[in-house]
Amino acid sequence: MTDHDFDIVARTLYGEARGEYAKIGISAFIAVANVIANRLTSSKKYGFTYADVCLKPRQFSCWNASDPNRILIQEETLEAEPLFRLTKTVAQKVMFGLWPDLTKGSEHYHALSCKPYWAKETKLRLQLGNHLFYKLD
């Protein structure tokens, strides 16, 4: 794991789950970090590093070119944001295996507001706030 991996995971957590943090707290960040870690360990189709997994096209919407979060998470000034500093802590704890997998092995999730073609009810492992988590692989 590199500093680049920690930084990209933290930015992904911030871009994907900061809206959920106000509702359900730190578990919103932990669950998304769990998905990233599970993807890295379950299959190399997602990438060979944490940064690869996060930056793989069309996997985490905050990195999509058309997503307004992308500009925000790429800002250097994000470092001063207290909530971003929390995502850095979460990233480190999950990446080092110090915190549990709240998602029960999930490597996919989506917001309740959408229903992707791959979302199979039989593969659902957890609902946490407005996110549903699935173990598909």
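The values are calculated or read from the model by the stated rules, or taken from the named source; none is laboratory data. Note that the structure is a prediction, hence the values are computed from the model and not measured. Glycine gets a Cβ as well: all are built from the backbone with ideal geometry, and neighbour counts include every protein chain shown.
Brief remarks follow.
- Selected residue (only one of Ala10, Ala31, Ala37 is at pLDDT 95 or above, buried (at least 24 other Cβ atoms within 10 Å of the Cβ) and closer than 17 Å to Leu128 by Cβ): Ala31
- Tabulated pairs, the range 1-21, first under 13 Å from Leu78 (Cβ atoms), second of a type in the set (S, T, N, Q), C-beta under 7 angstrom, 6+ apart or interchain: Ala10/Thr87; Leu13/Thr87; Tyr14/Thr87; Gly15/Asn69
- Qualifying residues in the range 80-137 (those that are modelled with pLDDT of 95 or more and of a type in the set (Val, Ile, Thr)) - the one surrounded by the fewest Cβ atoms within 10 Å (Cβ to Cβ): Thr89
- Test: residue in the range 43-60 that is exposed (fewer than 14 other Cβ atoms within 10 Å of the Cβ) and among the aromatic types (Phe, Trp, Tyr): yes
- Residue selected from the range 82-120 under the condition without any contact (Cβ under 8 Å) to a residue 12 or more places away in the chain and more than 16 Å from the chain's Cα centre (by Cα), by the criterion farthest from Leu40 (Cα to Cα): Pro82
- Check on Tyr117, part of a strand (DSSP E or B) and aromatic (Phe, Trp, Tyr): no
- Candidates in the range 40-72 are the residues that are among the β-branched types (Val, Ile, Thr) and at pLDDT 95 or above; of these, the one that is nearest to Asp3 (Cα to Cα) is Thr49.
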